[in-house]
Amino acid sequence: MNSTTQLIRLENVSKSYLMGQARVAALREVTLSIEAGEFTALTGPSGSGKSTLLNLCGLIDQPDAGHISIDDQATGKLSQKDLTLIRREKIGFVFQGFNLVPVMTAFENIEYPLFLAGAGAAARRERVDEILSRVGLSEQAQRRPDELSGGQRQRVAIARALVKKPRLVVADEPTANLDSATATQIIDLMHELGRSNGTTFVIATHDARVTSRCDRSIVLTDGVLQ
């Protein structure tokens, strides 16, 4: 594999957590790479290490051992400030529970990452209007999350993740709280937007409808790649 196409590289990565008096291994010497533009599923039973691996790819957490590179940048010795900057500039997040700010409208929720990045008001409005149209929510721009359906809220969450045109989006069970028809629409939307923007998706999921649409499935069992 050509290293210039790799967006994520993990080498001998291990991670454990203290639970009571016992230390439990979540990942054991995982080595893998994910190419730029790849639509990848992380699968495996509950407790297999999917969420841990997802958090490491999103730089939400750091490994106990091993090395992680994002976009050819080694992350092991970076400060928390530098890690925050990478997340802000290059990574978008989609969560199972949507994680929208309840007092903000759909427009404001999507706009927020651009505000944090220091984009001007005109540029923010242009970009948010564009992506609201892409996810089919222009008419719902001024509605708050409690005025939206579950599928609409997940569309807002996807738009928020993609509004800054990140290199990478990590998604944790994005279809778990959706009915079958809505889940299929959300998968298709992520796939379409990922392809058109050249964004890499890493999706932790139990949903066969998601894995069937992915370029590759990475299977974990007891913290080990299968």
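I'd like to check something: does segment 29-37 contain any residue that is modelled with pLDDT under 95, in contact with a Leu (Cβ under 6 Å, 6 or more places away or on another chain), surrounded by 18 or more Cβ atoms within 10 Å (Cβ to Cβ) and not basic (K, R)?
no
Need the failing condition index for K81 against (1) in a loop (DSSP other than H, G, I, E, B); (2) without any contact (Cβ under 8 Å) to a residue 12 or more places away in the chain, just the number.
It fails just one condition, (1).
Taking the criterion of being polar (S, T, N, Q), closer than 29 Å to E29 by Cβ and touching a helix residue (DSSP H, G or I) at 6+ places or on another chain (Cβ under 7 Å), would at least one residue in segment 192-213 satisfy it?
Yes, that holds for at least one residue.
Which residues, taken from segment 54-78, are of a type in the set (G, A, S), assigned to a strand (DSSP E or B) and in contact (Cβ under 8 Å) with a residue 12 or more places away in the chain?
A65, G66, S69
Looking at I70, is it more than 26 Å from R209 (Cα to Cα), of a type outside the set (F, W, Y) and surrounded by 15 or more Cβ atoms within 10 Å (Cβ to Cβ)?
The answer is yes for I70.
Exactly one condition in (1) in contact with a strand residue (DSSP E or B) (Cβ under 9 Å, 6 or more places away or on another chain); (2) of a type in the set (D, E); (3) under 19 Å from G151 (Cα atoms) is false for D222; which is it?
(3)
Filter segment 38-62 down to residues that are under 21 Å from Q96 (Cβ atoms) and polar (S, T, N, Q) and give me whichever is surrounded by the most Cβ atoms within 10 Å (Cβ to Cβ).
Applying the filter and picking the extreme gives T52.
Considering (1) within 19 Å of C57 (Cβ to Cβ); (2) in a loop (DSSP other than H, G, I, E, B), say which one L220 fails and leave the rest.
With respect to (1) within 19 Å of C57 (Cβ to Cβ); (2) in a loop (DSSP other than H, G, I, E, B), L220 is out only on (2).
The values are calculated or read from the model by the stated rules, or taken from the named source; none is laboratory data. A quick note: this is a predicted structure, and the numbers were derived from the prediction, not measured. Here the Cβ is made from the backbone with ideal geometry for all residues, glycine too, and neighbour counts use every protein chain on show.
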